[in-house]
Amino acid sequence: MRLIKCLLVLILLSFPATAQDTSTPQPTGTIEVEDSAKQDAAIAVRIRDILGELDGYDDVTVTVSSGIVTLKGTALNGDAIDRLGELVSRVDGVVTIENQVTETTDVVQRLNPAIERFITRIKQAVAFLPLALVALVVFALIVVAGFALARRKQLWDRLAPNAFIADIYRQIIRVATIIAAVVVALDIVGATALLSTILGAAGIIGLAIGFAVRDTVENFIASILLSMRQPFRPNDLIEIGGDVGKVIRLTSRATILLSLDGNHIRIPNATVFKSRIINYTRNKSRRVTFDQIADAGKGLKEQRRVVLETVKALPFALETPSPNVWIESADADKATLRVSLWVDQRESDVSLARGEAIRIVREALLEVAKKPVASAQQKAGKEEVENVGTEETAELERMIESERGETEAGDLLNRDAMEE
């Protein structure tokens, strides 16, 4: 029983020790055996002298007894109170510190430091003004020089393969000039550390914007590559993803076609760059093929020979590559002849040439069915051939040239550029 009472007494005695405030730093040296009033007075005087030289501790009182320093009064804020404890703990002879200083609630004392700081900053700004003006003048001179260099259109047009790339060069010069001007101006005023913060924030913002406008950036990059590679030219008849039309222009975002029905087709450049492109205009010679039904019971060899000679006699059929006719399929009653010929699509409309060839060949086979072969060949040779010129194509080209003339500045295609 006595043992239990002793344990309870020891536990109760330990509570004050655990509740002691340890927020104020305490000296860690050894405590002297002799107590000296003279030393206490010297410690108090030394602390008062130090506080007298510092702002914000006018209301603090200091008493020292047996090396124990007691601080009472008010200070501006908690940081000032913490600094006071750290300062007193460094004084030689201090055994421990009882810091009873609290934050002041006096409005005037609270506002005075803020007013003093405001006045100090105004004075610093006035003193800093000439240097800031010099930095601003240097910034303006660098920007003006860079923009003047970017405005030299002939220089960049000679260096770039097309107008779009030249404009990108000019934009790069402008951005680089602004960045250089900012760096030099900040270096003059001694604020280069601010540059890393600005660049870091700009990088994060740029990354976020890049994700947000990913499709736009993809189209822009595709526009650069297409303008450099030039896979097609204005007025070229091309096919992109099943869309067939003549090229009007290539902009920084899309490729614009004029379909053979007169409709506008706008295809994003990212799609154009990744799609299979068929250019029907790049080669002046174009093959025309069609099927012709023949009577399988009246000599396919002779009918094939008549068709081949008829096609060779067409004025719009090229000699090289030469026309050709072969039997594609056959059964007991009829056969299918596949007819192939080449035309110069710059002089003949492909669709009209194909239609006229079908008509002439059919007439020749009908004559073969009615008369001897020699008479049929003679009739086919005298058959009047209709005009298969490119009047319709020329009309489409005139429409395209008219539309290109309205917005020529936004076109990235160049007839004089290197072909892919």
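Things to note:
- Calculated FRET efficiency for the pair Arg214/Thr120, C-beta based, R₀ 35 Å, to 0.05: 0.10
- Simple spin-label estimate for Asn324 and Ile178 gives 6.1 nm between the two label positions (7 Å along the Cα-to-Cβ direction from each Cα).
- Amide H contacts under 5 Å for Val94, placed H, 5+ residues apart: none
- Put a plus charge on the Cβ of each Lys and Arg, a minus charge on the Cβ of each Asp and Glu, and nothing anywhere else: the dipole of the stretch 50-207 about its Cα centre is then about 1500 debye.
- By the compact-protein rule of thumb, 2.2 N^0.38 Å, the alpha-carbon radius of gyration of the stretch 217-344 corresponds to a ratio of 1.49.
- Gain upon complete extension [Ala394, Met228; 0.36 nm per residue less C-alpha separation]: 57.0 nm
- Rounded to whole numbers, the Karplus 3J(HN,Hα) couplings from phi for the stretch 36-43 are 10, 5, 4, 5, 4, 5, 5, 4 Hz, using 6.51 cos²θ - 1.76 cosθ + 1.60 with θ = phi - 60°, and x at Gly and Pro.
- For the stretch 54-92 versus the stretch 306-329, the inter-centroid distance based on Cα atoms is 113 Å.
- Under-5 Å amide H pairs with Ala254, H placed in peptide plane, nonlocal only: Asn269
- With 0.36 nm allotted per residue and the present C-alpha distance subtracted, the Leu54-Leu155 stretch has 29.8 nm of extension available.
- Across the stretch 174-188, rounded Karplus estimates of 3J(HN,Hα) from the backbone phi angles (6.51 cos²θ - 1.76 cosθ + 1.60, θ = phi - 60°) give 5, 5, 4, 5, 5, 4, 4, 5, 5, 4, 5, 5, 5, 5, 5 Hz, Gly and Pro being marked x.
- Note: relative contact order over the stretch 270-339, using C-alpha pairs below 8 Å and six or more positions apart, is 37 percent.
- Remark: the stretch 285-292, residue by residue, has Karplus-estimated 3J(HN,Hα) of 8, 9, 7, 10, 10, 7, 9, 10 Hz, where x stands for each Gly or Pro and the curve is 6.51 cos²θ - 1.76 cosθ + 1.60 at θ = phi - 60°.
Readers should treat all values here as calculations from the given coordinates under stated rules, not as data from a laboratory. These numbers come from a predicted model, not from an experiment. Every residue, glycine among them, receives a Cβ derived from its backbone with ideal geometry; neighbour counts consider all protein chains shown.
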